[in-house]
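Below is one structure; the comments refer to it alone.
The values are calculated or read from the model by the stated rules, or taken from the named source; none is laboratory data. Not measured: the values here are computed from a predicted model. Methodologically, a virtual Cβ is constructed for each residue, glycine included, from the backbone with ideal geometry; neighbour enumeration extends over all protein chains shown. The protein model used for the area step is the full one, side chains on, heavy atoms only, and it has no ligands, DNA or RNA in it. Shrake-Rupley method; radii C 1.70, N 1.55, O 1.52, S 1.80 Å.
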Amino acid sequence: DAGYLEDVVEIVQYIGTKPDVYVLVSLWIHPSLDDMGWPTEATIPVWEALTEALVDQPHVMFGVCNEPQSNFDGALDADVWQRMSAVVEAIRAVEASHGDERHIITVQGTRAWARHLGYYVDHPITAGGGVNIAYETHSYMPASDFEANWIGPSATLPVIIGEFGPFEMTVDDTEVMMDEAESRDIPWLAWTFHQRCPPNLIVDHAGSGCGFDMELTPTSDWGVVIEDRLAEPWRTR
């Protein structure tokens, strides 16, 4: 939809007016993804259009999809890898037609709703020379699972934690996760800045509106955790 694409571009351009800010543009619930959330051949022209529209925005990162689902035993890792690689190749082809600009592209974990990055250790994405590729995990897991899913892979891969929160993990687990990530210079994004999409970072104030003049209060059990973390001098611990 041309109008929708224009809105996306306008929002992204506005974010670019803020200092030291990046924005990850990703496909979430999208009709081109299959029933397990994987990109398909139909996803290629979507990313070609998005890249064409945003190629001149250096603060943009491209996230191939939200979460490849299932594949708990890893039997389909190679298939997910191939789908990711095809999208990366398409994005790089559009960029090449405009010069040498290569945005950061995030490819998501191959298993269990993007949790596991292990397959990429021995099989990094090589499309476009493998340049500016980051590996995104959604770290909804107890602290005991961090090593296998993303700490170990981060020794050789650039990692982004694209989602986490007290769902299938405790608040204590989230604190450990942030400590572990920051000690390795790994960026993280908390889920979610919303009042009705748990785990919610903001309180659902009835009648406060949605958007303009909306009251933004951090939830006492999750929002304040992230607010306090962001208020600390960065990486001084």
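Some notes on this structure:
- Residues that are more than 20 Å from VAL25 (Cβ to Cβ) and surrounded by fewer than 17 Cβ atoms within 10 Å (Cβ to Cβ), drawn from the range 77-99: ALA78, ASP79, GLN82
- Meets criteria (among the hydrophobic types (A, V, I, L, M, F, W, C), outside any loop (DSSP other than H, G, I, E, B) and more than 18 Å from ASN66 (Cβ to Cβ)) for ALA148: yes
- Among the residues of the range 153-174, those identified as farther than 14 Å from ALA134 by Cα and within 19 Å of the chain's Cα centre (by Cα) are GLU163, PHE164, GLY165, PRO166, PHE167, GLU168, MET169, THR174.
- So ASP179, is it part of a helix (DSSP H, G or I), under 30 Å from GLU215 (Cβ atoms), out of contact with any Leu (no Cβ under 6 Å at 6 or more places or on another chain) and among the acidic types (Asp, Glu): no
- In the range 1-42, the residues that are open to solvent by less than 40 Å² (accessible area, probe 1.4 Å), small (Gly, Ala, Ser) and part of a loop (DSSP other than H, G, I, E, B): GLY16, SER32, GLY37
- Filter result (exposed (fewer than 12 other Cβ atoms within 10 Å of the Cβ) and of a type outside the set (Lys, Arg)) within the range 173-203: SER183, ASP185, CYS197
- Residue match in the range 118-125 (condition: modelled with pLDDT under 95 and either in a helix (DSSP H, G or I) or at positive phi (or both)): no
- Among residues of the range 210-230, those that are of a type in the set (Phe, Trp, Tyr) and in contact with a Leu (Cβ under 8 Å, 6 or more places away or on another chain), counted: 1
- Residue in the range 213-235 that is closer than 17 Å to ALA114 by Cβ, outside any loop (DSSP other than H, G, I, E, B), in contact (Cβ under 8 Å) with a residue 24 or more places away in the chain and in contact with a Ser or Thr (Cβ under 9 Å, 6 or more places away or on another chain) present: no
- Just one of the listed residues (ALA148, ALA143, ALA93, ALA181) is in contact with a strand residue (DSSP E or B) (Cβ under 7 Å, 6 or more places away or on another chain) and on the phi < 0 side of the Ramachandran plot, and it is ALA181.
- If you go through the range 12-43 and pick out every residue that is more than 29 Å from ALA112 (Cα to Cα) and touching a residue at least 12 places away in the same chain (Cβ under 8 Å), you end up with 5.
- Residue within the range 90-97 that is under 21 Å from GLY152 (Cβ atoms), in a helix (DSSP H, G or I) and at pLDDT 95 or above present: no
- Contact annotation: no residue pair with Cβ atoms under 7 Å, 6 or more positions apart or on different chains, pairs a residue in the range 126-139 that is without any contact (Cβ under 8 Å) to a residue 12 or more places away in the chain with a partner that is part of a strand (DSSP E or B).
- Filtered residue count, the range 156-172, keeping only those that are open to solvent by 30 Å² or more (accessible area, probe 1.4 Å) and touching a residue at least 40 places away in the same chain (Cβ under 8 Å): 2
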